[in-house]
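J.: The following block contains the structure, expressed as structure tokens.
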Amino acid sequence: MLYDMATRFMSEEIAPRYDEFEKNEMVDRESWRKAGAAGLLCASMPEEYGGSGGTFAHESAIIEAIGHVGVDGFGIGLHNSIVAPYILHYGSQEQKKKWLPKLATGELIGAIAMTEPGAGSDLQGVKTRAERDGNQYRINGSKTFITNGQLANFIIVVTKTDPEKGAKGTSLIIVETDEVEGFERGRNLDKIGLKANDTSELFFNDVRVPTSNLLGHEEGQGFIQLMQQLPQERLQIGTGAIAMIERALALTIEYVKERKAFGKAIIDFQNTQFKLAELKTEATIGRVFYNDCVTRHINGGLDPVTASMAKYWLSDLQGKVVDECLQLHGGYGYMNEYPIARMFRDARVQRIYGGTNEIMKLLIGRSL
Ligand SMILES: Cc1cc2nc3c(=O)[nH]c(=O)nc-3n(C[C@H](O)[C@H](O)[C@H](O)COP(=O)(O)OP(=O)(O)OC[C@H]3O[C@@H](n4cnc5c(N)ncnc54)[C@H](O)[C@@H]3O)c2cc1C
């Protein structure tokens with residue numbers, strides 16, 4: 001039921017305006033508010049904090065709807081299943097009461113700022129510094145490639161509270177951007193895909209926040225918190241992947257039945273049938289694997305290694321399927337008016353963010 005409702009919402013509210021959002025390089029705030037009013041923000045947060053009381057399966061249904069409708073740049077997946085869970089899992093009662101209801105309505109739009117110009121894969125190299133000054137933290141540093149970076153007014157910032165201690169000196173601190181001075185947004189970065197999503201540089205120049213904005217009971221917990229939450233972030237990238245794989249196949253099967261060459265439909269060529277047979281088989285394997293990961297995750301048993309496998313394998317498969325499907329569209333596949341062209345551009349980043357696929361293999365390799 002939630003999937004149907006989310007599909008209707010994305011088809012009626014977001015899809016008709018998607019070209020405009022791509023041109024503006026962001027979805028407008030009003031759409032976030034509407035998503036909140038429709039119950040599509042914080043679906044897995046408890047009702048007492050303004051959420052819908054669901055699980056990751058509900059978040060998955062919403063992200064699948066986004067992928068199946070083809071509005072992949074609408075960044076509510078990150079807000080729902082990455083940002084909000086940090087508050088739920090590590091926030092104090094007071095923090096949860098203060099922030100989660102506003103995240104659920106869309107009054108607050110969430111982002112997580114880990115990556116810096118000099119630290120991406122190697123997160124231990126983060127330089128952004130948070131120094132204690134009385135009952136405040138003073139934050140200095142810069143971040144880049146931050147999803148929802150232009151719209152977000154609620155940012156989880158990965159900082160070093162004790163640079164001497166490396167990973168153990170890492171802390172997550174909330175910056176409510178409407179409340180502070182010294183915070184600046186850089187450019188909305190010019191990407192090759194996911195055009196409707198704002199991705200930005202962020203600058204922190206002596207930004208002061210209360211020490212109560214620290215996530216967790218004590219400093220130095222940031223790296224552990226990140227490691228604990230990354231499996232869900234990685235699984236969520238798999239959700240987007242499987243949804244796009246299924247959409248690419250459905251659109252392509254429809255297309256090759258219509259389009260003719262040498263007096264017959266493209267689907268009548270054995271090459272087309274064999275290609276699509278292979279892709280459909282792999283998509284089915286992907287769907288079974290993905291569903292198994294979700295089942296394990298909601299039962300508390302998705303280990304980080306399997307989550308890394310899901311991120312890497314499903315996003316690799318997505319790249320392959322979208323590329324082969326574009327090929328079956330011929331020249332029309334290269335034209336932006338055909339959805340497969342946008343999917344080709346949007347798919348590429350899936351192998352890069354959330355930890356590159358090489359880093360996923362590194363993590364899997366370490367477990368052998
Ligand atoms: C559109 C977009 C949205 C993003 N959203 C966010 C966000 O919301 N928040 C956030 O914090 N970050 C975000 N990122 C950043 C993203 O997570 C990083 O780009 C990614 O982790 C890679 O880091 P990097 O770009 O510094 O690449 P690098 O770390 O410089 O890697 C370059 C290459 O070297 C490889 N490499 C690096 N180390 C190893 C190794 N040990 N072994 C083998 N190969 C290695 C990598 O796999 C890659 O191929 C986003 C990025 C993009 C493009």
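The values are calculated or read from the model by the stated rules, or taken from the named source; none is laboratory data. Owing to the predicted nature of the structure, the values given are computational and were not obtained by experimental measurement. We place every Cβ from the backbone using ideal geometry, glycine too, and count neighbours over all the protein chains shown.
J.: Which residues, counting only those in the stretch 81-128, are touching a His at 6+ places or on another chain (Cβ under 9 Å) and within 14 Å of the ligand (Cβ to nearest atom)?
T.: Ile109, Gly110, Ala111
J.: Here's another thing I want to ask about it. So, in the stretch 284-293, how many residues would count as being surrounded by 20 or more Cβ atoms within 10 Å (Cβ to Cβ) and of a type outside the set (Ser, Thr, Tyr)?
T.: Pass one, the stretch 284-293, residues surrounded by 20 or more Cβ atoms within 10 Å (Cβ to Cβ): 286, 290, 293.
If we keep only those that are of a type outside the set (Ser, Thr, Tyr) as well, we get 286, 293.
Going through the stretch 284-293 one residue at a time, the tally reaches 2.
J.: Quick check on my filter: what residues within the stretch 53-92 are of a type in the set (S, T, N, Q) and in contact with a Cys (Cβ under 7 Å, 6 or more places away or on another chain)? Give the steps one after another, and end with the answer.
T.: Applying the first criterion (of a type in the set (S, T, N, Q)) to the stretch 53-92 yields 55, 60, 80-81, 92.
Once the filter is applied, which keeps residues that are of a type in the set (S, T, N, Q) and in contact with a Cys (Cβ under 7 Å, 6 or more places away or on another chain), the stretch 53-92 yields only Asn80.
J.: Within the stretch 103-125, how many residues are in contact with a helix residue (DSSP H, G or I) (Cβ under 9 Å, 6 or more places away or on another chain) and touching a residue at least 12 places away in the same chain (Cβ under 8 Å)?
T.: Going through the stretch 103-125 one residue at a time, the tally reaches 16.
J.: Checking Arg345 against (1) in contact (Cβ under 8 Å) with a residue 60 or more places away in the chain; (2) touching a helix residue (DSSP H, G or I) at 6+ places or on another chain (Cβ under 9 Å); (3) of a type outside the set (Phe, Trp, Tyr), only one condition comes out false. Which one?
T.: (2)
J.: Keeping to the stretch 17-43, report how many residues are more than 12 Å from Gly75 (Cα to Cα), of a type in the set (Gly, Ala, Ser) and assigned to a helix (DSSP H, G or I).
T.: So the answer is 2.
J.: Would you mind stating whether Glu131 is away from the ligand (no atom under 11 Å from the Cβ), surrounded by fewer than 17 Cβ atoms within 10 Å (Cβ to Cβ) and part of a strand (DSSP E or B)? Even if it seems obvious, please write down each step before you answer.
T.: Numbers: away from the ligand (no atom under 11 Å from the Cβ): yes; surrounded by fewer than 17 Cβ atoms within 10 Å (Cβ to Cβ): yes; part of a strand (DSSP E or B): yes.
Here the answer is yes, as Glu131 does meet what is asked.
J.: I'd like to know if the stretch 195-206 contains one or more residues that are of a type outside the set (A, V, I, L, M, F, W, C), in contact (Cβ under 8 Å) with a residue 12 or more places away in the chain and more than 16 Å from the ligand (Cβ to nearest atom).
T.: Of the stretch 195-206, the ones of a type outside the set (A, V, I, L, M, F, W, C) are 195, 197-201, 205-206.
Subsequent filtering for residues that are in contact (Cβ under 8 Å) with a residue 12 or more places away in the chain retains 195, 197-201, 205-206.
Narrowing the set further to residues that are more than 16 Å from the ligand (Cβ to nearest atom) leaves 205-206.
Scanning the stretch 195-206, I find at least one residue that is of a type outside the set (A, V, I, L, M, F, W, C), in contact (Cβ under 8 Å) with a residue 12 or more places away in the chain and more than 16 Å from the ligand (Cβ to nearest atom), so the answer is yes.
J.: With the structure loaded, tell me whether Ile139 is over 20 Å from Tyr353 (Cα atoms), of a type in the set (A, V, I, L, M, F, W, C) and in a strand (DSSP E or B) or whether it fails that test. So that I can check it myself, show each step before the final result.
T.: Values: over 20 Å from Tyr353 (Cα atoms): yes; of a type in the set (A, V, I, L, M, F, W, C): yes; in a strand (DSSP E or B): yes.
Yes: the conditions hold for Ile139.
J.: Go through the stretch 12-36 and give me each residue that's in contact with a Gly (Cβ under 8 Å, 6 or more places away or on another chain) and surrounded by fewer than 14 Cβ atoms within 10 Å (Cβ to Cβ).
T.: Arg29
J.: Shifting gears a bit: When the stretch 232-274 is examined, which residues are found to be in contact with a Cys (Cβ under 9 Å, 6 or more places away or on another chain) and not aliphatic (A, V, I, L, M)?
T.: Of everything in the stretch 232-274, those that are in contact with a Cys (Cβ under 9 Å, 6 or more places away or on another chain) and not aliphatic (A, V, I, L, M) turn out to be Gly238, Thr252, Tyr255.
J.: Which is basic (Lys, Arg), without any contact (Cβ under 8 Å) to a residue 60 or more places away in the chain and surrounded by fewer than 21 Cβ atoms within 10 Å (Cβ to Cβ), of Arg259, Arg296?
T.: Numbers: Arg259 fails: without any contact (Cβ under 8 Å) to a residue 60 or more places away in the chain.
When all the criteria are applied, what remains is Arg296.
J.: Next up: So Asp72 clears everything in (1) touching a strand residue (DSSP E or B) at 6+ places or on another chain (Cβ under 8 Å); (2) within 16 Å of the ligand (Cβ to nearest atom); (3) among the acidic types (Asp, Glu) except one condition, right? Which one?
T.: (1)
J.: Hey, another quick one. Just need a number here: residues in the stretch 76-128 that are modelled with pLDDT of 95 or more, of a type in the set (D, E, K, R) and closer than 18 Å to Thr159 by Cβ.
T.: The total comes to 2.
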